[in-house]
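Coordinate-derived values only; no laboratory data. Bear in mind that the values here come from a model prediction, so they are computed numbers and not experimental data. All Cβ positions, glycine included, derive from the backbone under ideal geometry; neighbour counts span all protein chains shown.
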Amino acid sequence: MQTSSCRGIILRVYPYSETSLIVHCLTDAHGLISLLAKGARRFKSSFAGKIDLFYLCRLELILSKRSDLHLLKEIILEKNHPELAHDYSLLCMAVENMRCVERLIERNTAVPEIFNLVCDYLYYLPRHDDLNFADIVFKLRLLALLGRLPGFSQLRLEKTKIDLICTALERNWSDLISLSVPETDLKFLKVFLSRQITEFRL
């Protein structure tokens, strides 16, 4: 029996029985995994109030050698993102992008950079002045981490356009919150991203 301690972001939650839940998590140590939370639906469960969409948690696991369903032993809530729960448009945007993550990464394979990207995105999304820009930044960075963006030498773009893409890819999220992006630049980024999405079927 192998145990593991890691951090995880809850992406989906399903009823498993009258008393238990299946929890899909993106973790820093194991990538995308499924967990069985036994007794989590009981009123006095130790998991009560700690399992919900996009919660960032410290997880204690018992890893299964026979299946992809592992046992959740203990969970400690670190962050619950109440802003997302109370704003439907933010919630829909976050859900859409987390579905992209689930589709594109391999299960049970740790990619710490993607875990960190998702952590930053969920934290900073409600703080952005321009949600469309936040959405573009997340998708561009996800594609870059997956190796699906062309090299700049292949793009044949003006330096100002390349600098704009670099800003979206490299600037700290905290610096991007209040960054004012002209409408023409935002339109260019949307078109550029759309081409990459079409090619990669994001």
Fill in the blank from the handout: Relative contact order in percent for the chain (Cα pairs under 8 Å, 6+ apart) equals 17 percent
Handout entry: Electrostatic dipole magnitude of the chain [Cβ: Lys, Arg +1; Asp, Glu -1; Cα centre; debye, to 20]
Key = 720 debye
Practice task
For segment 87-200, give the magnitude of the charge dipole about the Cα centre (Cβ charges: +1 Lys/Arg, -1 Asp/Glu; no others), in debye to the nearest 20.
Solution key: 380 debye
Fill in the blank from the handout: Quotient of Cα radius of gyration and Kirkwood radius for segment 49-118, i.e. Rg/Rh, equals 0.99
Exercise for the section: Post the alpha-carbon centroid distance, segment 53-68 to segment 161-187, in whole angstrom. Expected result: 35 Å
Completion exercise
For Ser46, the net charge from surrounding residues (Cβ-Cβ under 12 Å; K, R +1; D, E -1) works out to +3
Exercise for the section: May I ask you to sort Thr160, Thr167 by Cβ crowding, counting other Cβ atoms within 10 Å and putting the fewest first? Expected result: Thr160, Thr167
Handout entry: Size of electric dipole in segment 152-198: Cβ of Lys, Arg +1 and of Asp, Glu -1, about Cα centre, debye, nearest 20
Key = 240 debye
Practice task
Enumerate the calculated ³J(HN,Hα) couplings along segment 74-81 in order (Karplus 6.51 cos²θ - 1.76 cosθ + 1.60, θ = phi - 60°), each rounded to whole Hz, writing x wherever the residue is Gly or Pro.
Solution key: 8, 9, 10, 6, 9, 8, 10, 6
Exercise for the section: Would you tally the net charge around Asp68, using a Cβ to Cβ cut-off of less than 13 Å, leaving Asp68 out, and scoring K and R as +1, D and E as -1? Expected result: +2
Practice task
Classify the chain as rounded, prolate or oblate, taking a ≥ b ≥ c as the square roots of the eigenvalues of its Cα gyration tensor: rounded when a/c is under 1.5, otherwise prolate if a/b is larger than b/c and oblate if not.
Solution key: prolate
Problem - Residue order, fewest to most beta carbons within 10 Å, for Arg127, Arg103 - result: Arg103, Arg127
Completion exercise
The equivalent-ellipsoid semi-axes of segment 2-79, taken as the square roots of five times the Cα gyration tensor eigenvalues and listed largest first in whole Å, are 17, 15, 11
Exercise for the section: Hey, could you grab the Kirkwood Rh for segment 87-200? Inverse mean 1/r over distinct alpha carbon pairs, Å, one decimal. Expected result: 14.8 Å
